[in-house]
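Accompanying notes for the structure given below.
The values are calculated or read from the model by the stated rules, or taken from the named source; none is laboratory data. Because the structure is predicted, anything quoted here is derived from the model rather than measured. With ideal geometry, Cβ positions are generated from the backbone for all residues, glycine too; neighbour counts draw on all protein chains shown. Note: areas computed on protein heavy atoms with side chains; ligands, DNA, RNA excluded. Shrake-Rupley method; radii C 1.70, N 1.55, O 1.52, S 1.80 Å.
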Amino acid sequence: MGAPRSRSPRPKGRRVRLAAVAASAVRAALGRPVRSHMQGSARRMGVMTDVHRRFLQLLMTHGVLEERDVKRMQKHCYKVHDRNATVDKLEDFINNINSVLESLYIEIKRGVTEDDGRPIYALVNLATTSVSKMATDFAENELDLFRKALELIIDSESGFASSTNILNLVDQLKGKKMKKKEAEQVLQKFVQNKWLIEKEGEFTLHGRAILEMEQYIRETYPDAVKICNICHSLLIQGQSCETCGIRMHLPCVAKYFRLNAEPRCPHCNDYWPHEIPEVFDPEKEREPGISKSNRKSLRSRRH
């Protein structure tokens, strides 16, 4: 056994209610008066219209959405507030909102799910950690349970932590004592709020948590964090080379080896022994008669 991994000290003095302050700031931005001549025709960057405001309010409500749902939501907002206008490209539309939110240290961030590469969007608080952001919804002992689960997930090779291992740490929680039955309910609450994903009795981070917590995880667990060799982003689930040990997200594996009959590691050129997952294809998603149950599962846990 090697020496235990060191932990960077968690930043002290952070205000756990910073997220509430930021949320209030967003609501204040949403309440600013709109110049009527900005509705309809070309929009100047950094000006929020009623369309942008409704979109931001809906995204705040959902927390995280897949790209197809974000596009539907954008069209809905135009239909409600500006039905005669040409719908802006989603990227331009979101950049406009982000230019307003920049001073609040908040932005709408795009990412992809680790298992199948579906594009997702979330409203990310850049001024504080997501554990603090969750403080408005969870008690101190519940937040500590999330931290314990997070540490197990980060330290694991598979990117998953079993419910048994998480529940065994209940006696170490800060704040009010929690029974294992209560802890099970709290874990389900994390799932419902899209902070965790549960699969066959094991938990991993939801795409929302990865988007919002990447910087926090990199700073807090520098010796345990895993990085994708292709996109250089935080990696929780993925595959690894058995020779040199580099890691790749499943969607990155799929794209990198898409045209290779005999896939080889991009670092050491040794044969890549894992099954190559399929790439998410939005066109196939539109084809009638294809249900989720019939689509090939991409959730490989091999590293």
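Taking the condition more than 15 Å from the chain's Cα centre (by Cα) and surrounded by 20 or more Cβ atoms within 10 Å (Cβ to Cβ), does ILE120 pass? Give the steps one after another, and end with the answer.
Details: more than 15 Å from the chain's Cα centre (by Cα): no; surrounded by 20 or more Cβ atoms within 10 Å (Cβ to Cβ): yes.
Here the answer is no, as ILE120 does not meet what is asked.
Scanning segment 202-219 for residues that are more than 13 Å from the chain's Cα centre (by Cα) and open to solvent by 40 Å² or more (accessible area, probe 1.4 Å) yields a total of 3.
Here ASP69, ASP155, ASP144 are screened, and the one residue that is crowded, with 18+ Cβ neighbours inside 10 Å, acidic (Asp, Glu) and out of contact with any helix residue (DSSP H, G or I) (no Cβ under 7 Å at 6 or more places or on another chain) is ASP144. For segment 169-179, what are the residues that are surrounded by 14 or more Cβ atoms within 10 Å (Cβ to Cβ) and not β-branched (Val, Ile, Thr)? Once the filter is applied, which keeps residues that are surrounded by 14 or more Cβ atoms within 10 Å (Cβ to Cβ) and not β-branched (Val, Ile, Thr), segment 169-179 yields LEU169, LEU173, MET178.
Of the residues that make up segment 185-201, is at least one over 22 Å from ILE106 (Cβ atoms), touching an Asp or Glu at 6+ places or on another chain (Cβ under 9 Å), open to solvent by less than 20 Å² (accessible area, probe 1.4 Å) and of a type in the set (A, V, I, L, M)? Within segment 185-201, one or more residues are over 22 Å from ILE106 (Cβ atoms), touching an Asp or Glu at 6+ places or on another chain (Cβ under 9 Å), open to solvent by less than 20 Å² (accessible area, probe 1.4 Å) and of a type in the set (A, V, I, L, M).
Within segment 251-270, the set of residues being of a type in the set (D, E, K, R) and part of a helix (DSSP H, G or I) comprises just one member, LYS255.
For residues that are β-branched (Val, Ile, Thr) and more than 18 Å from GLY207 (Cα to Cα), tally how many sit in segment 135-155. Can you show your working first?
As a first pass, look at segment 135-155 and keep what is β-branched (Val, Ile, Thr): 136, 153-154.
Then drop every residue that is not more than 18 Å from GLY207 (Cα to Cα), which leaves 136.
Selection size over segment 135-155: 1.
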